[in-house]
Structures are given as C-alpha cells and as structure tokens.
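A.B. asks: Please see the structure below; I have some questions.
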Amino acid sequence: MRVKHKKWAEPLMQAHPEMLVKEPAKYAGKWQERFAKKQPLQLELGMGKGQFIIGMAKAHPEINFIGMEIQSTVAAIALKKALPEKLPNLQLINADGAELTSFFKSGEIDKLYLNFSDPWPKSRHEKRRLTYKTFLHEYQEILQDQGAIELKTDNMGFFEYSICSLNNCGLHFDGLWLDLHHSDEQANNVETEYEQKFAAKGQPIYKLAAHFA
C-alpha cells in the first residue's frame, strides 16, 4: 500500500505515544503494561489503514491487540481512525515487521494475523513473502506454544504457496476457505480495506487458519 505523504502524519504520531509506538524493542516482554489489563495478546502484521485491527479490538474487548505497519503515513491514518474509539485493548506500532524477534519476547503473542500481504509473485522474491520459512520461524519464536496464524488474501498463487510453506514447517491446519465471503466463516469475519475492495469486484477471498504443533 503506497500512500502520499501527509504533513500531519508525523506530528500526530508524536503527539500520541500512549497509543502508537515507534521504538517497539523497548517493550519486548512488557507489552501487557501498555494495556488496561492483562489479556491474550494478538498481532496483525501489516495493518494498513487499521480497519481490521480496530474492528477486532471493538468486537473482542477480552483480547489485547497490536497492529503493526511499516509505512509512517499509513500508520498515522490508522492512528487517526483509532483515537476516537478510545479502545483500551489496542496499541499500534510503526516499524518494520522483519525485526519481530527484537520487538517481542518468546511466547509473548497468542495469535498472528497476515491480511493481504504482498504476494511477491516473482520466484526471485520468494524470501520476501511473509509465509517464507524464515518468517515462519520468527513467528514461532514470538508465539506461545501452539500459537496460531490466520491469513487472508485475494491472491490464489500466494495462498497455495502459503499452504505448502506452512505445511513444510509442520503447522497444523484448523481451516481452509476458498471463498470466505460465501462460507459460514463470514458470519464472524472482520474485513480489511483491501478485502472490501476485492470482494466488491467479485473476487474470492481465501483464508487459512493454522497453528504450530
């Protein structure tokens, strides 16, 4: 997601350190201290403009959520959306998700969400895909035992690749949906901005749910 730079973005983030973190390594092992109370902790890697993670926090007050986004302006847009909601179970991070093991201690996260990640379709870019084995090993490090991953995408090639990659790394599948919006799973589905856009065009949305053994 590429968004034009907005002058208000950086000042807004600087003005709300209680909500948005730019140096997440400082809180490794201490993320629960930033929430109103200690609860299961779930992370969205690549939150975009925040629609999904804000929606999840509103729907599940019994869970603490963190949304991470590398692009500053996009993270600021998510922050702007989140502030009026005053959600005590939501925190945002503006940082590169490639450094997850520096940001979270072993077993600190209960579930990880990967929503509409860049599919990097060219073979030479395989190592950049967020379901490549090196990323999966990092996820396993920060997730608790039997920690879960949920993935949604509109890209069939990336979906098929992810199934193979997760299977090769020994994850157990809890569910696979080839047309999420026309399944029973849709009843509890919190949509992302991209998801609404693609679904409106009639494109099927693919989802998988899996956990580490």
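A.B. asks: Counting only residues that are touching a residue at least 24 places away in the same chain (Cβ under 8 Å), surrounded by 14 or more Cβ atoms within 10 Å (Cβ to Cβ), not in a helix (DSSP H, G or I) and not acidic (Asp, Glu), how many does the range 184-213 have?
C.D. replies: 12
A.B. asks: Quickly run through the range 111-133 and pick out the residues that are charged (D, E, K, R) and open to solvent by 40 Å² or more (accessible area, probe 1.4 Å).
C.D. replies: 111, 118, 122, 124, 126, 127, 128, 133
A.B. asks: Report yes if residue 175 is out of contact with any helix residue (DSSP H, G or I) (no Cβ under 6 Å at 6 or more places or on another chain), open to solvent by less than 40 Å² (accessible area, probe 1.4 Å) and more than 15 Å from residue 131 (Cβ to Cβ), otherwise no.
C.D. replies: Yes; evaluated as a whole, the condition is true for this residue.
A.B. asks: Quick one: would you say residue 135 is of a type in the set (Phe, Trp, Tyr), under 23 Å from residue 27 (Cβ atoms) and part of a helix (DSSP H, G or I)?
C.D. replies: Answer is yes for this residue.
A.B. asks: I'm told residue 181 meets every condition in (1) touching a residue at least 60 places away in the same chain (Cβ under 8 Å); (2) over 28 Å from residue 10 (Cβ atoms); (3) surrounded by 13 or more Cβ atoms within 10 Å (Cβ to Cβ) except one. Can you identify the failing condition by its number?
C.D. replies: Condition (1) is where residue 181 drops out.
Rundown of residues vs (1) open to solvent by 60 Å² or more (accessible area, probe 1.4 Å); (2) more than 14 Å from residue 82 (Cβ to Cβ); (3) over 18 Å from the mean Cα position of the chain (by Cα), yes/no style:
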position: 5; (1), (2), (3): yes, yes, yes
position: 10; (1), (2), (3): yes, yes, yes
position: 15; (1), (2), (3): yes, no, yes
position: 19; (1), (2), (3): no, no, no
position: 22; (1), (2), (3): yes, yes, no
position: 26; (1), (2), (3): yes, yes, yes
position: 32; (1), (2), (3): no, yes, no
position: 36; (1), (2), (3): yes, yes, yes
position: 39; (1), (2), (3): no, yes, no
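A.B. asks: Let me ask something else. Can you tell me which of 138, 108, 99 is open to solvent by less than 40 Å² (accessible area, probe 1.4 Å), touching a residue at least 12 places away in the same chain (Cβ under 8 Å) and under 15 Å from residue 44 (Cα atoms)?
C.D. replies: 108
The values are calculated or read from the model by the stated rules, or taken from the named source; none is laboratory data. Keep in mind the model is a prediction, meaning the values are calculated, not measured. We place every Cβ from the backbone using ideal geometry, glycine too, and count neighbours over all the protein chains shown. These area figures cover heavy atoms from the full protein model, side chains too; ligands, DNA and RNA do not enter into them. Shrake-Rupley method; radii C 1.70, N 1.55, O 1.52, S 1.80 Å.
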